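Report on one structure; see the data block that follows.
The values are calculated or read from the model by the stated rules, or taken from the named source; none is laboratory data. Nothing here was measured: the structure is a model prediction, and the numbers come from that model. Please note: Cβ atoms are built from the backbone with ideal geometry, for glycine as well, and neighbour counts cover all protein chains shown. Accessible surface is based on the protein model in full, side chains and every heavy atom, while ligands, DNA and RNA are left aside. Shrake-Rupley method; radii C 1.70, N 1.55, O 1.52, S 1.80 Å.
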Amino acid sequence: MTSTLLTGIGSLVTNDPAHGGPLGLIEDAALVVDGGRIAWTGPASAAPDADARQDAGGRAVVPGFVDSHSHLVFAGDRTREFNARMSGQPYKAGGIRTTVAATRAASDADLEANLVRHLAEGLRQGTTTQETKSGYGLTVDDEARALALAARHTDEVTYLGAHIVAPEYADDPAAYVALVTGPMLDACAPHARWVDVFCEKGAFDGDQARAILTAGAARGLTPRVHANQLTYGPGVQLAVELGAASADHCTHLTDEDVAALAASDTVATLLPGAEFSTRAEWPDARRLLDAGATVALSTDCNPGSSYTSSMPFCLALAVRDMGMTPDEALWSATAGGAKALRRTDVGTLTEGARADLQILDAPSHVHFAYRPGVPLVEEVWRAGKRVV
């Protein structure tokens with residue numbers, strides 16, 4: 001493989017504090033990619049030689065986005081539900097059943113084609129690392145096939161058999177929990193890295209969530225939790241107690257919840273696309289950041305409550321409506337997402353990291369929030385190869 005010098009970078013976000021501040025911002029910068037990884041970063045005037053050379057023409061370069069929460073293995077469309085919600089009907093967790101029926105009826109080929117389409121959509125918008133979940137099958141076979149399909153396209157695969165209680169178990173949720181922690185887990189664990197549960201009224205209570213996460217952990221899956229999205233509840237405290245990698249949503253938090261997150265390694269993953277699409281209360285990112293919690297931003301891309309694959313859009317929402325600065329939002333969408341996935345090789349442009357980066361049609365990363373809705377991502381590199 002040849003090394004490449006990318007020079008003429010107007011501003012380079014490395015997320016390396018050694019370069020100053022959380023973003024490790026370098027003006028008039030350059031970087032060297034070698035063997036699919038970052039070999040050097042610094043001022044363009046000090047750049048070493050490389051086999052090939054590309055001039056960024058004063059554009060900004062930032063790490064690829066790390067989208068640590070999405071639901072991309074599904075079929076069907078929930079336009080009518082969205083339209084009704086925008087006309088005044090509240091969002092309820094039960095709407096998931098519509099997608100469950102469509103997903104069960106879909107072929108493997110159709111599910112995979114839809115997954116690939118959404119992954120490509122995210123990639124064009126700068127997402128180079130993508131987590132995705134099961135959760136729309138809710139039978140042993142359908143959950144296992146969803147995870148097997150996802151694992152063909154990403155390393156970050158999450159078992160979410162506990163999305164809601166399957167419709168056929170509506171009158172016996174205990175039996176469904178037994179299925180999720182038994183035969184379904186046995187079939188799904190080989191395909192997944194993570195175990196997740198929707199700990200929420202209308203889904204699973206604290207005791208059920210604890211049983212599901214504990215069973216998954218016993219099979220080698222690391223917990224993450226859908227926590228405190230629709231109301232106050234036990235999800236955040238359970239996530240921290242069990243050492244979950246992330247508590248996701250975090251919309252309704254007590255002071256004790258905030259303190260627990262700040263004192264732990266559990267990342268608070270905020271999903272503003274969900275609040276946008278449900279007209280719900282925004283998560284208070286400022287409160288979490290000021291308390292010292294680690295915050296990630298993600299799309300929550302799913303057909304019901306957040307049908308967006310755009311990390312730039314979510315970043316702009318976080319700045320406009322959640323109290324984040326442009327710097328904080330970018331860090332949370334890159335390095336923060338990496339922390340939520342317990343990855344050290346992505347989300348940064350530091351020596352040895354995977355060369356996942358975006359070249360923007362803009363002089364600064366601030367343009368993500370400054371020019372919302374504008375397609376600013378001009379090039380995307382993953383593992384040192386230009387893929388967009």
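In percent, rounded to a whole number, the relative contact order of the chain is 19, using alpha-carbon pairs under 8 Å and six or more apart.
Among 107, 246, the order of accessible area from largest down is 107, 246, computed with a 1.4 Å probe on protein heavy atoms.
Below 25 Å Cα-Cα, how many Lys pairs turn up in the chain? Only count pairs eight or more apart in sequence, or on different chains, if you could. Display every interim value, and only then the final one.
Numbers: 92/133; 92/201; 133/201; 133/339; 339/385.
Within the chain, the lysine pair count is 5.
In this simple spin-label model, placing a label point 7 Å from the Cα along the Cα-to-Cβ direction at both residue 241 and residue 386 gives a separation of 5.3 nm. Across region 221-356, Cα pairs under 8 Å and at least six residues apart give a relative contact order of 18 percent. Computed from the C-beta positions of residue 320 and residue 291, the FRET efficiency with R₀ = 22 Å rounds to 0.55. You can think of it this way: the chain between residue 219 and residue 255 has 9.7 nm of extra reach, that is 0.36 nm per residue less the Cα-Cα gap. Working note: 222 nm ellipticity from helices only, DSSP H runs with n ≥ 4, each -39,500 (n - 2.57), summed and divided by the residues of the chain, gives -9000 deg cm²/dmol to the nearest 500.
Working ranking of peptides 142-148, 131-137 by packing, defined as the average number of other Cβ atoms within 10 Å per residue, highest first, is 131-137, 142-148. Normalised by the number of residues in region 1-120, the average gap of Cα pairs under 8 Å and 6 or more apart makes the relative contact order 24 percent. Take the Cα of residue 52, step 7 Å toward its Cβ, do the same at residue 87, and the gap between the two points is 5.3 nm. A simple spin-label model places pseudo-atoms 7 Å from Cα toward Cβ; at residue 174 and residue 116 they are separated by 4.6 nm.
For the peptides 149-157, 208-216, 333-341, the ranking by mean Cβ contacts within 10 Å, running from highest to lowest, is 333-341, 208-216, 149-157. For residue 327 and residue 371, the FRET efficiency from 1/(1 + (r/R0)^6), where r spans their Cβ atoms and R0 equals 22 Å, is about 0.85. Compute the angle between helix 206-218 and the longest alpha-carbon principal axis of the chain, please, reported from 0 to 90 degrees and rounded to the nearest 10. Long axis of 206-218 versus the principal axis of the chain: about 60 degrees.
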